[in-house]
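The values are calculated or read from the model by the stated rules, or taken from the named source; none is laboratory data. If you're wondering where the values come from, they're calculated on a predicted model, not measured in any experiment. No Cβ is skipped: glycine too gets one built from the backbone with ideal geometry, and neighbour counts run over all protein chains shown.
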Amino acid sequence: MRKLVFYGAISLDGYLARDNHSLDWLIGTEGEDETGYDDFYKNVDTILMGRSTYDQINILSPAKFPYEGKECYVFSRTVTGSTENVTFINEDIVGFTQSLKEQEGNSIWIVGGGEVLKPLLQAKLVDEFIIQIAPSILGRGIPMFTPGDHENRLKLVDVRRYKQFAEMHYIT
């Protein structure tokens, strides 16, 4: 069975982005180019994200979609169909993701989005978390974990430092 992995950076107080989805607090932090992202990315062939994350990616990278060559699925309540780079999914996140995990392939990456992560945590489908903690306290923003009934016990398997980032790697 394929692994479902959350990989991403958060602020010290647990936010993925500001309320307006800005990542200005993250960009330019010493060590951001030295993480294990390239090795991680090589083992990913499928990407899942929410519509808000997709919209922000298009704002941050308007000239070129950063995940070309990967199967990218965007969960949306309103947009249907597909583009050159993504397929919009309007069905149940849990059922769709479970079917992906049962197919042959490499790792599936959850890119951002607490709204996508929450139901996957509730269904206990997430296999790994690789989280870089940036040296910023935002005080408010978009949380990585939204409140709900999704208690999961994890096992810490590695801790690394990339200059100003601390990276924690957990498995379920």
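Of note:
- Taken over segment 35-70, the residue count meeting the criterion of being closer than 15 Å to Trp109 by Cβ and aliphatic (A, V, I, L, M) is 5.
- Residue list for segment 12-43, filter: farther than 16 Å from Pro66 by Cβ and charged (D, E, K, R): Asp13, Arg18, Asp19, Asp24, Glu30, Glu34, Asp39
- Of all the criteria given as (1) more than 27 Å from Asp55 (Cα to Cα); (2) under 14 Å from the mean Cα position of the chain (by Cα); (3) not aliphatic (A, V, I, L, M), the one not satisfied by Asp127 is (1).
- Of all residues in segment 132-160, those satisfying the criterion of being over 25 Å from Gln56 (Cβ atoms) and either in a helix (DSSP H, G or I) or free of Cβ contacts under 8 Å to residues at least 12 places away in the same chain (or both) are Glu151, Asp158, Val159.
- Elements of type helices (runs of 4 or more DSSP H) in segment 37-131, at least 3 residues being modelled with pLDDT under 95 and surrounded by 15 or more Cβ atoms within 10 Å (Cβ to Cβ): 51-60, 114-122
- Filtered residues of segment 1-21 (kept if surrounded by 15 or more Cβ atoms within 10 Å (Cβ to Cβ) and not in a strand (DSSP E or B)): Arg2, Lys3, Gly14, Arg18, His21
- One residue from Arg140, Arg161, Arg153 being out of contact with any Phe, Trp or Tyr (no Cβ under 7 Å at 6 or more places or on another chain), closer than 17 Å to Thr35 by Cα and surrounded by fewer than 15 Cβ atoms within 10 Å (Cβ to Cβ): Arg161
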